[in-house]
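Asker: First the structure, which I've put down as structure tokens, then a few questions once you've had a look.
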Amino acid sequence: MAKYVGARQKRVEDPRLITGNARYLEDVQLPGMLHAAVLRSPYAHARIDSIDTSAASRLPGVVAVFTGQDFADLNPLPCAWQAGGVTNNANTPRVLEIDKVTHTGMGIAVVVAEDRYAAEDALAHIEVAYSVLPTVVDAKKATEAGAPQLHENAPDNICMTWECGDQDGTDRALGASDVVIREHLTNQRLIPTAMEPRGAIGSYDPGTEEYTVWMTSQAPHVMRLLMTAFVMGIPETKMRCLSPQVGGAFGSKIFLYPEYPMVAVLAQKLGRPVKWTESRQENYIATTHGRDHQTDFEVGALRDGTITALKVTTYANLGGTLSTIAPGIPTSLYGSMLSGTYKIPHLHCQVYGVYTNTAMVDAYRGAGRPEATFVIERAVDLVARELNLDPAEVRRKNFIQPEDFPYEPASNLLNGLAYDSGEYEKALERALEQVGYREFRQEQQEARQQGRYLGIGLSSYVEICGVAPSKWVGLPGEGWGAGLWESANVRVHLTGKTVVTTGSQSHGQGLETTMAQVVADELGIPIEDIEVKHSDTMSTPFGYGTYGSRSAAVGTIALYNSVQRIKEKARKLGAHMLEASEEDVVYQDGNVFVKGSPEQAKTIQEIAGAAAVAYDLPAGMEPFLDDTAYYDPPNCTYPFGTHICIVEVDTDTGRVEIKRYLSVDDCGPVINPLIADGQVQGGITQGIAQALYEFAAYDDSGQLLTASMMDYAIPKAEHLPHFENSHTVTPSPVNPMGIKGIGEAGTIASAPAVVNAVVDALSPFGIRDINMPLTPQAVWRAIQEAGR
Amino acid sequence: MKVEGSHTIPAPRERVWELLNDPDVLARCTPGVSKMEAEREGFYRATLQLSIGPVKGRFEGHMEVTDSREPEAMTLTIEGSGAPGGVRAVGHITLEQEGEQTVVSYHGQPQISGRLAAVGARLLSGVAKKLAGQFFNRLSEES
């Protein structure tokens, strides 16, 4: 009987977080530790003619200064996801750049000093001669004739081309449609802005020749692999990677960054540990950004609202060099998901991945699916508008129905993947009912009579998460060339206290709580008896880390499977202790007993003790209750739902006020509603932020103009509405717990809900679209241009 | 970014032109100058200590008069950099005599980089106006 799963269990991590006792990277102090500061290029595109470090080297407190030449024997960082044949023209950063930079913020020298102040101050004394080159920051302009060329191996700055679906069929279907609507959408560049900046500490033991690297990473095992086998050329067994407490990431801490191998090598060169942590400004200019798509689409429909075809062309800005999985985001996670929750018989998407003189772009919460959802959910609203139909009705008419699953969208998910399960209409109806849709339309009419502009926006999304089946991502040419299974180890110690280790990683998700809830219920022990440990390559089984909403749908399933095997062994040992036949005993709620005689039971604690002391085990049984499971999911999972936003637009000032925000999400069974609500609310916040506030702006010379929190508009609590969150529950057939994942859903659904609401509010002005962010200026200007 | 403005100097145009081409006068009038020397005619090297909002630091650079039409107009090419970032600009200056006075107008589109651009950009046109004001006030005193 489930006691913990489904309960609003308070997070076990929180006491240490709110009492200041959590240990973040910046809290780690090693004896003799030195501090590094990186000199970063102020130019977005330049040749490095010379670097003179002599003055900086002589300053008090400075131990050493290094340039790219000192790391020339290391390989450039690898790019793991090779969609679109990127292998031919991948350009990735080096630990420090040697002769050329392609965006501001690339590292070109490092000062190592006794303290951080000396290191930072010394940067000003390094003399660099640059030859500044022409720049391009816009992905579409970068592909045009005459644009500055960033890399010799990428003509017209095209890093990759990728397509999905059927071009001829889509063109024919568009030709046969009653209406075809064309629109250009910008999905602006965002900066993830985790609360804790990135950092790393390297340490080296000359006796064992082993490196230890602490880092702010979502995937320490993957970092170890990439640093050792790909960059440094040493056995991965010679390095231990640890992530201490990580203070948020949103994808930006999945990737390998130059500073991580750098601190390892510096520690080895200098014989002392070396710490580097970025400033907020470095975080803005030298950590990855997200989104940055320019998209043209054509959607075809019949008069009754049936969508016939969708044709999409997207220019995805990937930045000056490629980050670890950059090419995978605007392809498999974007183009393949453009069909959304709808049966669109013909779909074609062409993607150009483009180099520009801007920071690297890679996964940011939702990674590709927010961009896809934005296109399809805006397209559906435009169809409704064109045909003068209710947007809810157009959604109903085109939804994939429960009996259609497994459903393969025309966008082609690759390798036989298909949407797993869904009741899209149920989630929509629930949301419409909760919001009082019909009443709102009445209220909207009345408000317009009074010169007030209310609007309602729907967003019915489906996403792909629980990444990923290795047969999907492992395929060379399309995937990562690596599996994406996950691991768990369960160890029931002599007293019955249990330690769980996972290859997943928690950086705010509360995994130490949710994973313990699952183990407590399955094993039938109190949650206080369980410790969940993660993020240390030495003491956890190899795993791929946390991103793509995979830690519940993949990591926790590995754990679940491991507990089942522990239970089976405990049942056999219990039978032996009860002197009963194995077939006659059952494991239930932490007890093993003969069916029908629960009063004569052996507890899991007794059995764990017997397994550890081991003087009387059944023939052939190994001592100890210890099991490691590796779970490779047969499919991804596909959470879905409907979000509804109600806004009021002040047409005099252009200010948008969110009056209500309501979500109905379906992530299958919810392990912990408290944590799921937190995930949804945080996700919605980031989507609202994209819709209304955030925009990473570059000037034409590649200078980031929003490189501080004074200029980059992170919303505060006062900018956000009260969230009304609820769920429907449609289990996934993919895994035994039916779990789908909830980490990114809020971000994926919310931006189009807000934009659809604002456009709905302004429909009396004939406004069809406004580019995000919908700042007062953008909205006011759209109203003026529409000519009241 | 655009920097432009005009100031009236209480002196005839020829006198103002003379002042604008005198390295010693320039060194005295330019705010924050700690060192300035004419390497050759019309080519100056300078070290400046400036603070622009949260961005403070030492800048080294040079200024070259690339086009000179005495006494009515000149074009300057400026390049400077320091730890807080860099500036590259082409500036145009015109001198018009109005009675006994001269109206000096300037305009240019500086390209800035580094922390100066990232953190100081919003403040820069205001600071540039202020520094120009200080320069021309001192120039007026010299006249």
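Asker: Going toward the positive end of the dipole of the protein assembly as shown, with +1 on Lys and Arg Cβ and -1 on Asp and Glu Cβ, which of A:Ala611, B:Gly85, A:His45 do you reach last?
Answerer: Highest projection toward the positive end goes to A:Ala611.
Asker: Also, quick follow-up: Whole-Hz ³J(HN,Hα) for each residue in the range A:24-32, computed from phi via Karplus 6.51 cos²θ - 1.76 cosθ + 1.60 with θ = phi - 60°, x for glycine and proline: what do you get?
Answerer: So the J values, rounded to whole Hz, are 8, 3, 5, 7, 7, 10, 10, x, x.
Asker: Please average, across the residues of B:77-89, the number of beta carbons from any other chain that are within 10 Å of each residue's own beta carbon, and give a whole number. Each step should come with its number before you reach the end.
Answerer: On the way: counts 0, 0, 1, 0, 5, 2, 8, 2, 4, 4, 0, 2, 0.
Partner-chain Cβ atoms within 10 Å, mean over residues of B:77-89: 2.
Asker: FRET efficiency for B:Thr47 and B:Arg138, Cβ-Cβ distance as r, R0 = 25 Å, nearest 0.05? Provide the component values of the computation, followed by the final result.
Answerer: On the way: r = 18 Å, r/R0 = 0.73.
For R0 = 25 Å, the calculated efficiency reads 0.85.
Asker: Which value, in debye to the nearest 20, describes the size of the charge dipole of chain A about its Cα centre when Lys and Arg Cβ atoms bear +1, Asp and Glu Cβ atoms bear -1, and nothing else is charged?
Answerer: Values: 63 positive and 95 negative charges, 89 e Å.
For this selection, approximately 420 debye.
Asker: Here are some pairs, A:Lys100/A:Lys238; A:Lys569/A:Lys740; A:Lys497/A:Lys572; B:Lys2/B:Lys129; A:Lys567/A:Lys740; which of them have Cα atoms lying more than 22 Å apart in this structure? If you can, show how the numbers build up before the last one.
Answerer: Values: A:Lys100/A:Lys238 32 Å; A:Lys569/A:Lys740 29 Å; A:Lys497/A:Lys572 20 Å; B:Lys2/B:Lys129 11 Å; A:Lys567/A:Lys740 25 Å.
Table pairs above 22 Å Cα-Cα are A:Lys100/A:Lys238; A:Lys569/A:Lys740; A:Lys567/A:Lys740.
Asker: Quick check: the distance between the Cα centres of the range A:304-359 and the range A:78-120, to the nearest angstrom?
Answerer: Measuring centre to centre over Cα atoms gives 27 Å.
Asker: For chain B, rounded, prolate or oblate, judged on the Cα gyration tensor with a ≥ b ≥ c (square roots of eigenvalues), a/c < 1.5 rounded, else prolate if a/b > b/c? List each step's numbers first, then the result.
Answerer: Numbers: a/c = 1.82, a/b = 1.57, b/c = 1.16.
In terms of gyration-tensor shape, prolate.
Asker: Specify the longest stretch of chain B that does not include any exposed loop site, a site being one of the GluC sites (Glu not before Pro) with a non-H, G, I, E, B DSSP assignment and at most 11 other Cβ atoms within 10 Å.
Answerer: Working: sites that count: B:Glu41, B:Glu100.
Counting only loop sites that pass the neighbour cut-off, the longest clear stretch is B:42-99.
Asker: Once phi is turned into ³J(HN,Hα) by the Karplus curve 6.51 cos²θ - 1.76 cosθ + 1.60 with θ = phi - 60°, what whole-Hz value does each residue of the range A:453-459 show in order, with x for glycine and proline?
Answerer: For the range A:453-459, the Karplus-derived couplings read 10, 9, x, 10, x, 9, 8 Hz, x marking Gly and Pro.
Asker: Treating only the Cβ of Lys, Arg, Asp and Glu as charged (+1, +1, -1, -1), what charge dipole size does chain B show about its Cα centre? Round to the nearest 20 debye. Provide the component values of the computation, followed by the final result.
Answerer: Details: 16 positive and 19 negative charges, 205 e Å.
Using only the charged Cβ atoms, the result is roughly 980 debye.
Asker: Estimate the FRET efficiency between A:Ala697 and A:Glu622 by the formula 1/(1 + (r/R0)^6), using the beta-carbon distance for r and 60 Å for R0, to the nearest 0.05. Mind dumping the intermediate values first?
Answerer: Details: r = 61 Å, r/R0 = 1.02.
Between A:Ala697 and A:Glu622 the formula returns 0.45.
Asker: On a 24 Å Cα-Cα criterion, which of the cross-link pairs A:Lys141/A:Lys716; A:Lys3/A:Lys253; A:Lys141/A:Lys311 come out too long? The partial results should precede the final answer.
Answerer: Numbers: A:Lys141/A:Lys716 34 Å; A:Lys3/A:Lys253 34 Å; A:Lys141/A:Lys311 21 Å.
In this structure, A:Lys141/A:Lys716; A:Lys3/A:Lys253 exceed 24 Å between Cα atoms.
Asker: For A:Asn388 paired with B:Thr94, estimate the spin-label separation in nm (one decimal), with each label point 7 Å from Cα along the Cα-to-Cβ line.
Answerer: Label at A:Asn388, label at B:Thr94, 5.7 nm between them.
Asker: Work out the length of the dipole vector of the range A:485-631 about its Cα centre, built from +1 on the beta-carbon of each Lys and Arg and -1 on the beta-carbon of each Asp and Glu, and round it to the nearest 20 debye.
Answerer: Result for the range A:485-631 is approximately 300 debye, rounded to the nearest 20.
Asker: Work from the charge dipole of the range B:3-142 (Cβ charges, +1 for Lys and Arg, -1 for Asp and Glu, about the Cα centre) and give the residue of B:Ile52, B:Phe135, B:Ala118 farthest towards its positive end.
Answerer: B:Ala118
Asker: At a Förster distance of 35 Å, what's the computed FRET efficiency of A:Asp296 paired with A:Glu657, Cβ-Cβ distance as r, to 0.05? Could you put the intermediate results ahead of the total?
Answerer: Values: r = 31 Å, r/R0 = 0.89.
After rounding, the FRET efficiency stands at 0.65.
Asker: Would you work out if the protein assembly as shown is rounded, prolate or oblate? Take a ≥ b ≥ c from the square roots of the eigenvalues of the alpha-carbon gyration tensor; rounded if a/c is under 1.5, else prolate when a/b is larger than b/c, oblate otherwise.
Answerer: Numbers: a/c = 2.32, a/b = 1.43, b/c = 1.63.
Since a/c reaches 1.5 but b/c is at least a/b, the shape of the protein assembly as shown is classed as oblate.
Asker: I've got another one for you. Which of rounded, prolate or oblate describes the range A:485-631 when judged by the alpha-carbon gyration tensor and an a/c cut-off of 1.5?
Answerer: Working: a/c = 2.32, a/b = 1.98, b/c = 1.17.
Judged from the Cα gyration tensor, the range A:485-631 comes out prolate (a/c at least 1.5, a/b above b/c).
Asker: I need two numbers for the range A:154-233: Rg to one decimal and Dmax as a whole number, Cα atoms only, in Å.
Answerer: So, for the range A:154-233, Rg and Dmax equal 23.8, 75 Å respectively.
Asker: If the chain between A:Ala145 and A:Glu579 were fully stretched, how many nm would it gain, using 0.36 nm times the residue separation less the Cα-Cα distance? Before the final figure, lay out each step's value.
Answerer: Values: separation 434, 0.36 × 434 = 156.24 nm, distance 8.29 nm.
Gain on extension, A:Ala145 to A:Glu579, equals 148.0 nm.
Asker: Can you give the average number of partner chain beta-carbon atoms within 10 Å of each beta-carbon in peptide B:114-123, as a whole number? Before the final figure, lay out the partial values.
Answerer: On the way: counts 9, 6, 2, 12, 13, 7, 1, 8, 4, 1.
Other-chain Cβ atoms within 10 Å of each residue's Cβ, averaged: 6.
Asker: Let me ask something else about it. Averaged across A:101-108, how many Cβ atoms of other chains sit within 10 Å of each residue's Cβ atom?
Answerer: On the way: counts 0, 0, 0, 5, 2, 0, 0, 0.
The mean count of partner-chain Cβ atoms within 10 Å per residue comes to 1.
Values in this text are rule-based calculations from the coordinates and carry no lab data. Being a predicted model, the structure only gives us computed values, none of them experimental. Cβ: placed from backbone, ideal geometry, glycine included. Neighbour counts: every protein chain shown.
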